[in-house]
Amino acid sequence: MNADPNPYAAPSIAAFFDRGETSTDLPFVVRAVEPALLRRRLLLARNGREWLLEYSGRGLRDTVRVNGQPVVRRVAWVWFVPRFSFALDDLPATIEVEISPLLAVRRFELRVDGRLIYLEFKKA
């Protein structure tokens with residue numbers, strides 16, 4: 001019998017791309033998990049690793065979390081084009097968010113190690 005507690009569980013997306021390679025040139029695989037009014041959740045995978053990246057502009061603070069841990073918290077005074085810098089493991093990462101006057105995300109950009117890996121843009 002299978003030792004896995006749930007033999008019907010879906011494998012993680014990282015398992016599909018884990019080939020035992022450790023090259024830093026392998027691309028990130030990104031899946032938008034939960035786009036909402038002032039919130040974005042992205043699942044990132046690379047080299048057999050996974051990260052859950054969350055951005056929330058709700059309330060009085062903008063918050064960026066990686067795997068549930070806050071990496072950036074900033075009081076939201078101006079929402080024109082906030083830029084958040086943090087580390088994704090040992091790689092530098094930035095998020096740029098543009099908020100529309102109707103309080104919705106107009107543009108969301110994620111760069112890791114200087115490379116654009118996710119871009120969401122909505123026309124006004």
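Values quoted throughout were computed directly from the atomic coordinates according to the rules given, and no laboratory measurement underlies them. Keep in mind that what you see is a predicted model, and the values were worked out from it rather than measured. Backbone-built Cβ (ideal geometry, glycine too); neighbour counts: all protein chains shown.
Can you pull out the chymotrypsin sites (Phe, Trp or Tyr not before Pro) in region 47-124 that DSSP calls coil and that have at most 12 other Cβ atoms within 10 Å?
Answer by residue number: W77, F80.
Among Q69, V112, G48, flag the residue with its Cα farthest along the positive direction of the charge dipole of region 27-121, charges on Cβ as +1 for Lys/Arg and -1 for Asp/Glu.
So the residue we want is Q69.
Note down the net charge around E54, summing +1 for each Lys or Arg and -1 for each Asp or Glu among other residues with Cβ under 9 Å from its Cβ.
Numbers: positive: R39, R40, R41, R65; negative: E34.
Neighbour charge sum, excluding E54 itself: +3.
About the Cα centre of region 27-121, what is the dipole size in debye to 20, counting +1 per Lys and Arg Cβ and -1 per Asp and Glu Cβ, all else neutral? Present the calculation step by step, with values, prior to reporting the outcome.
Details: 16 positive and 11 negative charges, 41 e Å.
Dipole magnitude for region 27-121 comes out near 200 debye.
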